[in-house]
Amino acid sequence: MSKPCKQRYGKKSSNKFFKSRFKGKSNNLSNSQSHKEYQHQDQFQEVDVGITEFISKFDGYSGVIKARFSDFQVNEIDLNGDVAKLTDLQIPADFQSKEEAVDGGEEVPVDTPLSQIPQKTWDAIKQMIDSSEAREVELNAEETTKEEREKIHECLKKVFARKIVCNTGTKDGIRTMIFKKYSGKNSDRRFKWPKDKGEYVHFLVYKECLDTLETTLKVATCLKMSPSHLTYAGVKDKRAKTTQWFSIKKVEPWKLIVKTRPLKNVRIGNITFKDKPLKLGELVGNKFRIALRNVTGDDDLIEKSLQSLKENGFINYYGLQRFGNDKEVPTFSIGVQLLLGNWKEACQIILKPTKADQPDFDISKAKKVYAETGDAAKALEQFDGSRNTCIEFLLLSGLSKGHANDFVNALTSIPRNTRLLYIHSFQSLIWNLVASKRIEKFGLQVVEGDLVLLEDCNDEAVCDDSEEDTSDRKRTKVKALTSDECSNYTIYDVVLPLPGYDIEYPENLKDFYKETLEKYGLTLEMTKQTVQTYSLSGTYRKLLERVQDLSWKIMHYNDPHYNLIRSDLEELKGLDEPEDVKDGTYKALVLEFCLNSSSYATMVLREILKTDTSSSSHAKLNSYHTVAQEKKKILVEDDASNGEDADEDLDDRIGLLSDKQRYEAFKNIVFNMGSSSLKRKHEDSNQNENSKIAKTTDESS
């Protein structure tokens, strides 16, 4: 692995974690690795971020979300309605690879191909190519124009490829073209972009267990350039397999393919060329393929709940991933400080040590040193010396380069999209709280004071789920409904604002907006910040959404690590689609549907399951196979001691409640799993059951 691509979040890096990826054996994940992926610290529950209401009245049922990252797969849908699917990993045929450029070239003509190159000079160049000695050939270019010199360069590259290096300079006061033989050290790296190709390279990125921001940092590091050179249309989940479009200006395709190969959990392909870059929000939605494991509902209930979802949709909440992985470090608490102009406090939250930190990781040591000393340079010494792409490393680098108290400029070391994500996370928190209040107060009826988009606006005017700054957007026009107009609209037309300085609040919820914002030291007006990046104009979001192209199937399986969905890469490699295991021990529900770009699939799943979608909640559910094995083991042992047939049906003879000792053992199986952290998460869940929202005083990074 080359150094630029060796990204570390600590000396105990995750390289081992990704080692087995992309090898084609999709149903061969060890128990220990699967369990490792589900080690989470104290996380948000839905109630903490305002997610409390449902649409349907059907009973819920249990099903494990993201038991494996392969159970959640996302493909972007572009503005043309085409699904982003990885089908080609090759360098485009009309672009030479690095190796071809060095070894290629045409048969060398005897006579000079250009009048600007004298025959004597041409012969000297050919002799230089064939010679083992280091030579130079000079050409007086004093009388040549720039266009003529470009023709000479193009001609030589066409004939000799990169066997020759050509430079123009001044020698003895005379403009001179100097030709040298390629030695591997003096390579002419200049590449003239083909005139028949758009200068923006668009390409698909397939990734596993990486979010879009982290992927951008890793790819940019491999290419040895700033992440700002890469653009994309939207942000995708981390714990998933996802495929989305990226774009970059004038980067040779071979570099994208070859230089990113060390990224074991990333594949780049389907390279095309366009005249414009990809911008945030330039997508109509996403296609989801999701497997829910160990589904307990009967087939009739599953059918009814999905039909209800198909007909009625779901509440368009922002999902938990919008607010960060650790309850101690919610992204919105950083956003609040940025909106208030508290630059120092924002930096301190980002760099604050947390319970989730692994003590022996570089990043944890660095945060600890900074918290104790306030010395960014000393904190940076905790890293192993290789370039790191984590947010904390970038911020510490910014703090160490400038004045010790120049926090506002230090923050610019963090990619702009990440900083915008912090403040948009706060907007999302407010929106969720208001949406729940709206449904609790008025139900699913359109009422006086509700806001709807004006007729000359469309769904594209409503806020998408990107981290794009909304301050430059064209203002979305809405109107407040009178009592006479309510019958002309449905609940699917109603929008709620995300707070900003240029939006209209619904009168029937304005007081609640005001009260909620004031808890965080902000006002309805959201006055423009002195630093333009952290000013929010505000926008609008549909209260309810519908799924499109919803389909589903029930599958059975025995192995809890068996793949239930074939990924793009697995299909490209020719692997078979996973099949239903007849009479399998466990039941899974495999869903496929499309959503608008602003919506969260986890909120779709929540509507049918009626369960909390937090990772910590589903980590507990994910022990189902171990619990089943332990139950069987206990009963088999009992049967053996009683001389009974161990092969008999066990389900009717569990009787755990009648045996206190066995019941306690069973509870230990469910809540301990040999891990004190899992037990702690269960206890924390009970303690936090009645909590409402996380306060910004719980500062985080």
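The values are calculated or read from the model by the stated rules, or taken from the named source; none is laboratory data. It should be emphasised that the depicted structure is a prediction, and the values quoted were computed from it without experimental measurement. Note that each Cβ is placed from the backbone with ideal geometry, even for glycine, and that neighbours are counted across all protein chains shown. Accessible surface areas use protein heavy atoms only, side chains included; no ligands, DNA or RNA. Shrake-Rupley method; radii C 1.70, N 1.55, O 1.52, S 1.80 Å.
Rank these by accessible area, largest first, 1.4 Å probe: Trp122, Trp552.
Details: Trp122 0, Trp552 65 Å².
The residues order as Trp552, Trp122, largest area first.
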### Summary
Quick calc, Arg261 & Lys344: beta-carbon distance into FRET formula, R0 35 Å, rounding 0.05, result 0.25
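Go ahead and run the numbers for FRET between Asn167 and Asp196, Cβ-Cβ distance against an R0 of 30 Å, rounding to 0.05.
Working: r = 27 Å, r/R0 = 0.90.
Computed FRET efficiency for Asn167 and Asp196 comes out at 0.65.
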### Computed lengthening from Gln548 to Gln90, 0.36 nm per intervening residue step minus Cα-Cα distance
161.6 nm
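Got a number for carbon plus sulfur as a percent of segment 281-402's accessible area, 1.4 Å probe? Don't jump to the answer; show the numbers that get you there.
Working: 2080 of 4590 Å².
Summing carbon and sulfur atoms, their accessible area is 45 percent of the total for segment 281-402.
Can you figure out the FRET efficiency of Ser132 with Leu575, using R₀ = 60 Å and their beta-carbon distance, to the nearest 0.05?
Numbers: r = 50 Å, r/R0 = 0.84.
So, using R0 = 60 Å, E works out to roughly 0.75.
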### Greater than 19 Å apart at Cα, pairs in Lys236/Lys287; Lys287/Lys310; Lys163/Lys250; Lys158/Lys180; Lys310/Lys553
Lys163/Lys250
### Message
Multiplying the sequence separation of Ile174 and Asp298 by 0.36 nm and subtracting their Cα-Cα distance, what value in nm do you get?
### Response
35.9 nm
### Summary
The distance between the Cα centres of segment 103-166 and segment 499-574, in whole Å, is 59
### Query
Label Thr272 and Glu53 with points 7 Å out from Cα along Cα→Cβ: what is the distance between them in nm?
4.0
### Message
Going 7 Å from the Cα of Gln307 along its beta-carbon direction, which residues of segment 45-73 have the amide nitrogen within less than 15 Å of the resulting point?
### Response
57-59
### Query
With θ set to phi - 60° and the Karplus curve 6.51 cos²θ - 1.76 cosθ + 1.60, what are the ³J(HN,Hα) couplings of segment 203-220 in order, to the nearest whole Hz, using x for Gly and Pro?
8, 8, 10, 9, 9, 10, 6, 9, 7, 5, 5, 5, 4, 4, 5, 5, 5, 4
### Task
Keeping all protein chains in place, calculate the accessible area per residue for segment 290-373 (probe 1.4 angstrom), answer in Å².
37
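Place the peptides 428-435, 479-486 in order of packing, highest mean first, counting for every residue the other Cβ atoms within 10 Å and averaging per peptide.
Values: 428-435: 23.9, 479-486: 13.2.
In decreasing order of mean packing, 428-435, 479-486 become 428-435, 479-486.
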